[in-house]
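Here's the structure, in structure tokens; my notes come after.
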């Protein structure tokens, strides 16, 4: 077997077209060698990791024309907008093209040709629709509750752990405001998905930390319970800060805290949760812990528990109706 001609070092980890100047001098046969990837039609790559959405976008970049940009769930992934697991795992890329250009057509890509005005940003070196336009486009791929979770993320900002500091978190600046989301919907009446977007707008709230908190809040509201307050500071009788719970009912002096697996497996987080719960209880607040099992396996029983707890702590509530079982079924089937 003849020895392969060494590939130029500047091609390693890169995507390029056969006509790229960096590939000058390489024969047709060499560009089809076993060490040259062909991630998309008309694209070659050398040792390019295409395991993430961002890297697949980089692989397709040489094929994009002026006016092409990543959109829909692909843009959502680039912006960090939470998506259902099935979309997180999808390998298809969504690419939109400005009118009057023709939509891109190639294997592994879904082409779109939006008629409305969209602002194009650069994210990691690739063109992508702005966050508000991305949320608007997601109405063709997501359910109402998933659109609410995406909207909650946009107007709240991502919560990230501070490196090197135990149990310390900060919130990044939000990518959009509720007013901007509303303006996008109002400015594009009749476009596909506008009904879902208008419904989602009614429930988007600032200060939400995760899609699971969105799922919890929507279960409570759809079951007929009053809407709880999102991430608002609780103080004691002396005005000192006790904590900022995920959700709270002031009238019942009750807070609901969603606890994922990290609350159980991280010893520092576990001890912090115990101290936090004791502070709430010392200030006269009841803490209701919420787990994945409550939302995914026993949502109706959980609603009954919360309803009973709120009534026991002084809230005047009507008996649970048929909407509670419907809300529980929707919660169990939700992809959040």
TODO: Scan the stretch 121-143 for residues that are closer than 23 Å to residue 50 by Cβ and more than 15 Å from the chain's Cα centre (by Cα) and jot them down.
DONE: 121, 122, 123, 124, 125, 126, 127, 128, 129
- [ ] Identify all residues within the stretch 114-137 that are surrounded by fewer than 14 Cβ atoms within 10 Å (Cβ to Cβ) and either touching a strand residue (DSSP E or B) at 6+ places or on another chain (Cβ under 6 Å) or within 27 Å of residue 204 (Cα to Cα) (or both); write none if there are none.
- [x] 115, 116, 117, 119, 122
TODO: Test residue 220 against the stated conditions and say whether it is under 24 Å from residue 80 (Cα atoms) and modelled with pLDDT of 95 or more.
DONE: no
Task: Residues (under 18 Å from the mean Cα position of the chain (by Cα) and closer than 19 Å to residue 294 by Cβ) located in the stretch 190-229 - done: 208, 209, 210, 211, 212, 213, 214, 215, 216, 217, 218
- [ ] Any chance you could count how many residues in the stretch 174-206 are modelled with pLDDT of 95 or more and assigned to a loop (DSSP other than H, G, I, E, B)?
- [x] 9
Task: Tally, over the stretch 10-34, of residues that are within 18 Å of residue 59 (Cα to Cα) and surrounded by fewer than 10 Cβ atoms within 10 Å (Cβ to Cβ) - done: 3
TODO: Tell me the strands (runs of 3 or more DSSP E) entirely within the stretch 242-327 that contain at least 1 residues that are over 19 Å from residue 223 (Cα atoms) and touching a helix residue (DSSP H, G or I) at 6+ places or on another chain (Cβ under 9 Å).
DONE: 286-290
Task: Residue list for the stretch 278-306, restricted to those being more than 19 Å from residue 225 (Cβ to Cβ) and free of Cβ contacts under 8 Å to residues at least 12 places away in the same chain - done: 278, 281, 293
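The values are calculated or read from the model by the stated rules, or taken from the named source; none is laboratory data. These numbers come from a predicted model, not from an experiment. Don't worry about glycine lacking a Cβ; one is built from the backbone with ideal geometry, like all the others, and counts go over all protein chains shown.
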